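Chemist: Can you read through this structure? Questions will come right after.
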Amino acid sequence: MGLKFNTNGHCLISKQTGIKLTEKLKEIKYPQRAKTYDIVEIGHNFKPEEYNTRIITFRDKNGKILQRNITEKTPDEIIETKKNYKEYPKELIESPTNHFADLEVKCKKISSITKKNGEYFSKSEEIQAIADSQGKPVVTISRIDTFPSGYPGLETENQSMYEYQKGAKKGYSAKNYVRNNHAGIFKFGDFETKYENMHYHPIDDRYGLLFIYPLKQFKRVAPYIIENPVHKPPHTVINWYSKYPKPDSNSISRGFYDGSVNLNRRTLIRKCDVVRTTAHEKEHAYQRMERCKPVEKQTEEIKKNIEAHNNYVSADENFEKYKNNYNEIKAREAGFLAIKEYKTSLDKLKDEFMYAPNYQFGFYEK
């Protein structure tokens, strides 16, 4: 039977569904929970031998998608994309039309890696939330795409967040901003932004580009941007370490400053924890910078800073003295100020995207 093309030159070459997994797919890595797979092949440009797409979809025993492998071929290149799907438990969020009612939200995360001619090209993470308000479906989609820049360790990112209802769309996108994890450079200026039907522009503040990041990526990016809103700290290296709290300790090890900001991944388990502790430790960096000023430029605050530094006692040695140390008091104030600023920005964005899942934005303390 001959192939049937539509007016755009596409045709269905073959389609097989519900195939049980066999050794024939040994060359493809797929989730252990996968039980069956589907194969669809589509031709393009009226030349299916030269231009075609093959989609392999792996499903679990209940038919839910676990992974999708997409191969797009042209005479010049082969683009391969692997997508992994993860579903989250349903969440209840406050209904925007009735503050005394909750809506169920279904959430799904799609992680993708794309290669061109066998070389890494981009990776992305997409979160979808679907709700139902007064019988009308609402879909919120947020996405981050990362691309190599041609320089070692340096990548550019695009991110977007959109909410769709029947006949309505709102959201924003930010394109071509640069990040360099190794050097601690996150250049959030000089990029393209686009807003559609939004009341509030989240990109206007320095937390704007943080909301889309899930917690793992948030930990990677946020510490380079967060600081005391009042004091500008010097540039400092950010290190992550792993240490569980000691049962007999008076304090919980969240982080410390020793010329670098060190953050404990084991105890910073919420976005607000990362915000508060980063600002706290960067305030210590600011304090060290101030202590280095010549005597003739030392203010009363700097003198208190120096005295507190000279009389510093660790939390395990004497918790009350540590807690009441002037520099620790100022660092805690810096952390609370950063949390307040973060919370204000977060509330505005959550008001704008009412159906976005809570786990994406993170939680803050009342």
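Chemist: For the pair Phe46 and Lys243, how long in nm is the line joining their label points, each one 7 Å along Cα→Cβ?
Modeler: 7.0
Chemist: Pairs of Cα atoms under 8 Å, at least six residues apart: use those to get the relative contact order of region 77-361, whole percent.
Modeler: Relative contact order here is 14 percent.
Chemist: Could you size up the charge dipole of the chain around its Cα centre, putting +1 on the beta carbon of Lys and Arg and -1 on that of Asp and Glu, and report it in debye to the nearest 20?
Modeler: Roughly 1080 debye for the chain.
Chemist: Relative to the Cα centre, what is the charge dipole magnitude of region 228-315, using +1 at the beta carbon of each Lys and Arg, -1 at the beta carbon of each Asp and Glu, and rounding to the nearest 20 debye?
Modeler: Result for region 228-315 is approximately 380 debye, rounded to the nearest 20.
Chemist: Now a separate question. Which trypsin sites (Lys or Arg not before Pro) in region 212-247 sit in a loop by DSSP (not H, G, I, E or B) and have at most 11 other Cβ atoms within 10 Å of their own Cβ? Intermediate results must be reported in sequence, preceding the final value.
Modeler: Values: sites: Lys216, Lys219, Arg220, Lys243; in loops: Lys243.
Nothing satisfies the criteria.
Chemist: How far apart, in nanometres, would the label points at Val295 and His199 be if each is projected 7 angstrom from Cα along the Cα-to-Cβ direction?
Modeler: My value for the distance between the label points is 5.9 nm.
Chemist: At 0.36 nm per residue, and after removing the present C-alpha to C-alpha distance, how many nm does the segment from Phe121 to Val230 gain when stretched out fully?
Modeler: Going from the current span to full extension adds 35.2 nm.
Chemist: Let me ask another. Quick one: angle between helix 300-310 and the longest Cα principal axis of the chain, in degrees between 0 and 90, rounded to 10, please.
Modeler: 90
Chemist: Determine the percent antiparallel among the DSSP beta bridges restricted to region 77-361, to the nearest 5.
Modeler: If I count the DSSP bridges inside region 77-361, around 95 percent turn out antiparallel.
Chemist: Kindly express, to the nearest 10 degrees and within the range 0 to 90, the angle between helix 271-291's C-alpha long axis and the longest C-alpha principal axis of the chain.
Modeler: Helix 271-291 sits at roughly 40 degrees to that axis.
Chemist: Any idea which of Leu25, Ser242, Pro48 is furthest toward the positive side of the dipole for the chain, if Lys and Arg beta-carbons carry +1 and Asp and Glu beta-carbons -1?
Modeler: Farthest towards the positive end: Leu25.
Chemist: Sticking with this structure for a sec: Check the straight Cα-Cα distances from Lys303 and name the lysines below 16 Å, setting aside those fewer than 8 residues away within the same chain.
Modeler: In chain and number order, the partners are Lys293, Lys330.
Chemist: Continuing with the same structure: Find the centroid of the Cα atoms in region 2-67 and in region 256-280, then give the distance between the two in whole Å.
Modeler: 45
Chemist: While we're on this one: Identify which of the listed values of Cα extents along the principal axes in Å was calculated from the structure shown: [x] 90, 51, 44; [y] 82, 48, 39; [z] 88, 58, 45.
Modeler: [x]
Chemist: Then there is this: At 0.36 nm per residue, and after removing the present C-alpha to C-alpha distance, how many nm does the segment from Lys321 to Asp351 gain when stretched out fully?
Modeler: Length gained between Lys321 and Asp351: 6.6 nm.
Read the figures in this text as sums done on the coordinates, not as results from a lab. Please read these numbers as outputs of a predicted model, since none were measured by experiment. Positions of Cβ are generated from backbone atoms using ideal geometry, with glycine treated the same way; all protein chains shown enter the neighbour counts.
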